[in-house]
1. Step by step: first the residues of segment 163-173, then only those that are out of contact with any Asp or Glu (no Cβ under 7 Å at 6 or more places or on another chain) and touching a residue at least 24 places away in the same chain (Cβ under 8 Å), then the one that is farthest from ligand 1 (Cβ to nearest atom). Which residue is that?
2. Inspect segment 185-193 for any residue being at pLDDT 95 or above and at positive phi and give the result as yes or no.
3. Filter segment 8-51 down to the residues that are part of a strand (DSSP E or B) and open to solvent by less than 70 Å² (accessible area, probe 1.4 Å) and list them by number.
4. Only residues in segment 1-29 that are on the phi > 0 side of the Ramachandran plot count as the first member; pair them with residues that are in a helix (DSSP H, G or I) and surrounded by fewer than 21 Cβ atoms within 10 Å (Cβ to Cβ), Cβ under 8 angstrom, at least 6 apart or cross-chain, and list the lot.
5. Would you check if there is a residue in segment 73-81 being within 15 Å of ligand 2 (Cβ to nearest atom) and in a helix (DSSP H, G or I)?
6. Within the group 166, 181, 154, which residue is open to solvent by 10 Å² or more (accessible area, probe 1.4 Å) and hydrophobic (A, V, I, L, M, F, W, C)?
7. Among the residues of segment 116-135, is any within 13 Å of ligand 1 (Cβ to nearest atom), open to solvent by 10 Å² or more (accessible area, probe 1.4 Å) and of a type outside the set (Asp, Glu)?
8. From the list 41, 60, which one is within 14 Å of the chain's Cα centre (by Cα), more than 14 Å from ligand 2 (Cβ to nearest atom) and in contact (Cβ under 8 Å) with a residue 12 or more places away in the chain?
Amino acid sequence: MGIQITPSILNADFAKMGEEVARIPSADWVHVDVMDNHFVPNLTFGPTMVEALARATDTPLDAHLMIEDADRNAPVYAEAGASSVTFHVEATKAPVRLARELRAQGARASMALKPATPIEPYEDMLPELDMLLLMTVEPGFGGQKFLDLVVPKIRRARAMLDKHGIETWLQVDGGVSLETIERCAEAGADVFVAGSAVYSADDPDAMVEALRSAAAGAAGHS
Ligand code: DX5
Ligand code: ZN
């Protein structure tokens, strides 16, 4: 599939989401951060926003659910129009069943791990996932500093995926910028969320392209 850039609208202007999404035509996906003020100490929006965004853009939506009780709540986001739905393993009782349910709904099924959650217990279920998200900050807020301690986990996840010969994408999210994207790409990530780096740039779409070429260059050297 190659390198993909998924700007997070968490750092966009919430009063004009349609316009904000139109500023990033080069994005492969729009990353939609759903927070419930329980799983993380921040509150954003719910399925109604996903429905509105799906009407406002042709770019597919990558919903990142930072919400409790994902088993019950995640399928609602596939129904609302998200093409990819990411649940947190820490908020799920039955991740295999949930991934299968999301796929049956026609969405891509994706699972996220917080920085301190190990990947090894989930090795056998990787084929159930279309994407694995490794958080490179503690989830909850945009604009945080990239956690370098996650880089070895990115490397281990890439090795596992290659060992099993599966096509699951490997996404990183949190503190990804021109300064940090290369080390993620070198370690084996191929899908990159960037919030503040994109929306604080004078030209957000040019930043999407700059991030893409930095990642592609680094991936080529790995
Ligand atoms: C953090 C969110 C991220 C965040 C990314 O909880 O999941 O998607 O918005 O923002 P930056 O790129 O600023 O870290
Ligand atoms: Zn996110």
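1. 164
2. yes
3. 8, 30, 31, 32, 33, 34, 35, 36
4. Short answer, once both residue conditions are applied: 2/216.
5. Looking through segment 73-81, at least one residue is within 15 Å of ligand 2 (Cβ to nearest atom) and in a helix (DSSP H, G or I).
6. 166
7. Within segment 116-135, none of the residues are within 13 Å of ligand 1 (Cβ to nearest atom), open to solvent by 10 Å² or more (accessible area, probe 1.4 Å) and of a type outside the set (Asp, Glu).
8. 60
The values are calculated or read from the model by the stated rules, or taken from the named source; none is laboratory data. For clarity, every value in this text was computed on a predicted model and none was experimentally measured. Cβ sites come from the backbone with ideal geometry, for glycine too, and all protein chains shown count toward neighbours. Ligands, DNA and RNA are stripped out before the accessible areas are found, and what is left, the full protein with its side chains, is counted by its heavy atoms. Shrake-Rupley method; radii C 1.70, N 1.55, O 1.52, S 1.80 Å.
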